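Undergrad: Below are the structure tokens for one structure; questions will follow.
The values are calculated or read from the model by the stated rules, or taken from the named source; none is laboratory data. Owing to the predicted nature of the structure, the values given are computational and were not obtained by experimental measurement. Note: ideal-geometry Cβ built from the backbone for every residue, glycine included; neighbour counts use all protein chains shown.
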Amino acid sequence: MIGKMETPVEVMGKLLLFTLLMCVLPIATYYISKIYFFEGIFQLPLASSCIYAAIPAVIVVNVVIGGFVYVAWRSEAWPTDDKQSSDQSQRTIKQD
């Protein structure tokens, strides 16, 4: 949330959400793709379906990590004090 500082409860809520997503989504993706797609629709042998089912699970892991990084990037972790930063920049200019 740009322009608003988040409370620790909001931050922990986001962390908990992405932790649950990281635990549940890749495992669910692996088994769903293995059972329904690779063994069901494509009728691959057991060894091949296990290997091919890992690919969508790895993609889901990367999507969850990317989502976490995006949300963390968009949130404002520290309050910005424009007056303090402008005073500091003016002191730097005067010293030169």
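Undergrad: Which residue, of Lys14, Lys34, is surrounded by 12 or more Cβ atoms within 10 Å (Cβ to Cβ) and over 28 Å from Val71 (Cα atoms)?
TA: Going through Lys14, Lys34 in turn, the sole match is Lys34.
Undergrad: Now, a different point. Just to be sure, is Thr29 surrounded by 12 or more Cβ atoms within 10 Å (Cβ to Cβ) and within 14 Å of the chain's Cα centre (by Cα)?
TA: On the way: surrounded by 12 or more Cβ atoms within 10 Å (Cβ to Cβ): yes; within 14 Å of the chain's Cα centre (by Cα): no.
In short, no.
Undergrad: Continuing with this model, one more query. Name the pairs: first residue in region 20-42 and touching a residue at least 40 places away in the same chain (Cβ under 8 Å), second residue among the β-branched types (Val, Ile, Thr) and part of a helix (DSSP H, G or I), Cβ to Cβ under 8 Å, at least 6 apart or on different chains?
TA: Listed by first residue and then by second, the contacts come to Leu21/Val64; Met22/Val61; Met22/Val64; Met22/Ile65.
Undergrad: In addition: Residues Ile51, Ile65: which one is in a helix (DSSP H, G or I), modelled with pLDDT of 95 or more and closer than 28 Å to Lys4 by Cα?
TA: Ile65
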